[in-house]
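Engineer: To start, I am sharing the structure in question, which I have written as structure tokens.
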Amino acid sequence: MALLLLSLGLSVIAAQEFNPRIVVQRNYNMARVSGVWYSIFMASDDLNRIKENGDLRVFVRNIEHLKNGSLKFDFEFMVQGECVAVVVVCEKTEKNGEYFINYEGENTVAVSETDYRLFITFHLQNFRNGTKTHALALYETCKKYGLGPQNIVDLTNEDHCYSKR
């Protein structure tokens, strides 16, 4: 009985110190997204587009919320074995957290969820030549976490632009 009470007491103390991150899934404050981000994982219904040399395989370095509501992405991708830096601006749509850009077709880029401090997840829909491709991208604010590849592309490996910095 004493062990049960001790366990209960420790649980109550631990619960008081536990402060879960607040995960936002709508009504985004996109100004809070601005800053340095690192690509961690990507998933897609067309893996060829996010594998090495895929046209949607990008390594985000920075995201900036612009005064007009657009998002500016500073990223790198590999072209013929060389790391190329690119800056693109995605135009805000009428939906909160959703943006549009023409790149390899027409694209919508929407925030799926974020806690603004550690991670953000984007959902990309690409429409090209009558085909729709979905991709999810997970970014973090530090190059610390890795969740392990399982039917996704792990972007934390040393075979990409980050290893060239």
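The values are calculated or read from the model by the stated rules, or taken from the named source; none is laboratory data. None of these values were measured; they are calculated from a predicted model. So basically every Cβ, Gly included, is an ideal-geometry build from the backbone, and we count neighbours across all protein chains shown. Heads up: the accessible areas ignore ligands, DNA and RNA and are worked out on the full protein's heavy atoms, side chains in. Shrake-Rupley method; radii C 1.70, N 1.55, O 1.52, S 1.80 Å.
Engineer: Go through (1) closer than 18 Å to VAL58 by Cβ; (2) open to solvent by less than 20 Å² (accessible area, probe 1.4 Å) one by one and return the number of the condition THR141 breaks.
Structural biologist: It fails just one condition, (2).
Engineer: Just to be sure I understand, how many residues within segment 59-100 are in contact (Cβ under 8 Å) with a residue 60 or more places away in the chain, open to solvent by 20 Å² or more (accessible area, probe 1.4 Å) and closer than 16 Å to HIS123 by Cα?
Structural biologist: 1
Engineer: Right, another one. If a residue must be within 11 Å of the chain's Cα centre (by Cα) and open to solvent by less than 70 Å² (accessible area, probe 1.4 Å), how many such residues does segment 117-138 contain?
Structural biologist: Residues in segment 117-138 being within 11 Å of the chain's Cα centre (by Cα) and open to solvent by less than 70 Å² (accessible area, probe 1.4 Å): 10 in total.
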